[in-house]
Amino acid sequence: MKKLKSKQVKKINKTPQKKLQKKAESLWKEVCLFRDKRKCQVKQMFPGVKIPHSNVIQVDHCFSRSNKNLFLQISNGTTVCSTCNMMKKNGLKGVDLLIYEIVSRREGVDRFMEMRELHQSGGANISWNKVWWLEEQIDILETIKRGMTGGIYE
């Protein structure tokens, strides 16, 4: 098998689908950050938990980002600091459980359980690489963003 050169790999990664996926993820992050007021939700909701929070803010997928059925669901995103995100990834201090609790409170138990079941089913999102589906998701996210921000980020 022939090894691809760096320029060839970059060209492959610039498919219309990849560009749309990146745009959709960027909008998803913007909406989650705006909803959460750009603050670490673990720090906001559990101030008594001793974590050395950082000033670097990220958006975490409550349920794995590998599940493309949930990847762009705003209900699956929570703003956290980079410390909490790293601690969740490494299974430290029960940060994953704190994020589950945050999402459950914010979205409601029924929605949380629905997402959990979808995550556990592990079914593939066959539309993830379809241009029409990605454009539809971008339209949905842009509409949500406009509604949340009153159009101030246009």
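Conditions (1) farther than 20 Å from R35 by Cβ; (2) touching a helix residue (DSSP H, G or I) at 6+ places or on another chain (Cβ under 6 Å); (3) without any contact (Cβ under 8 Å) to a residue 60 or more places away in the chain, marked per residue:
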residue: N67; (1), (2), (3): yes, yes, yes
residue: F71; (1), (2), (3): no, no, yes
residue: V80; (1), (2), (3): no, yes, yes
residue: C84; (1), (2), (3): no, yes, yes
residue: K88; (1), (2), (3): no, yes, yes
residue: V95; (1), (2), (3): no, yes, yes
residue: S104; (1), (2), (3): no, yes, yes
residue: M113; (1), (2), (3): yes, no, yes
Some residue of the range 42-54 being at pLDDT 95 or above and under 17 Å from the mean Cα position of the chain (by Cα): yes
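What residue, of D96, D110, is in contact with a Lys or Arg (Cβ under 7 Å, 6 or more places away or on another chain) and among the acidic types (D, E)?
On the way: D110 fails: in contact with a Lys or Arg (Cβ under 7 Å, 6 or more places away or on another chain).
The match here is D96.
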Residues located in the range 29-48, provided they are under 21 Å from G94 (Cβ atoms) and assigned to a helix (DSSP H, G or I): Q41, V42, K43, Q44, M45
Residue that is nearest to K88 (Cα to Cα) [pool: residues in the range 99-154 that are surrounded by 13 or more Cβ atoms within 10 Å (Cβ to Cβ) and basic (K, R)]: R116
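May I ask you to verify whether E107 is under 15 Å from the mean Cα position of the chain (by Cα) and of a type in the set (D, E, K, R)?
On the way: under 15 Å from the mean Cα position of the chain (by Cα): yes; of a type in the set (D, E, K, R): yes.
So E107 passes the test.
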Flag for I51 being buried (at least 17 other Cβ atoms within 10 Å of the Cβ) and not in a helix (DSSP H, G or I): yes
Conditions (1) in contact with a His (Cβ under 6 Å, 6 or more places away or on another chain); (2) at pLDDT below 95: number failed by R65: (1)
Among the residues listed as K19, K23, the single one being under 25 Å from N76 (Cα atoms), of a type in the set (K, R), surrounded by 16 or more Cβ atoms within 10 Å (Cβ to Cβ) and at pLDDT 95 or above: K23
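The values are calculated or read from the model by the stated rules, or taken from the named source; none is laboratory data. No experiment lies behind these values; they were computed from the predicted model shown. No Cβ is skipped: glycine too gets one built from the backbone with ideal geometry, and neighbour counts run over all protein chains shown.
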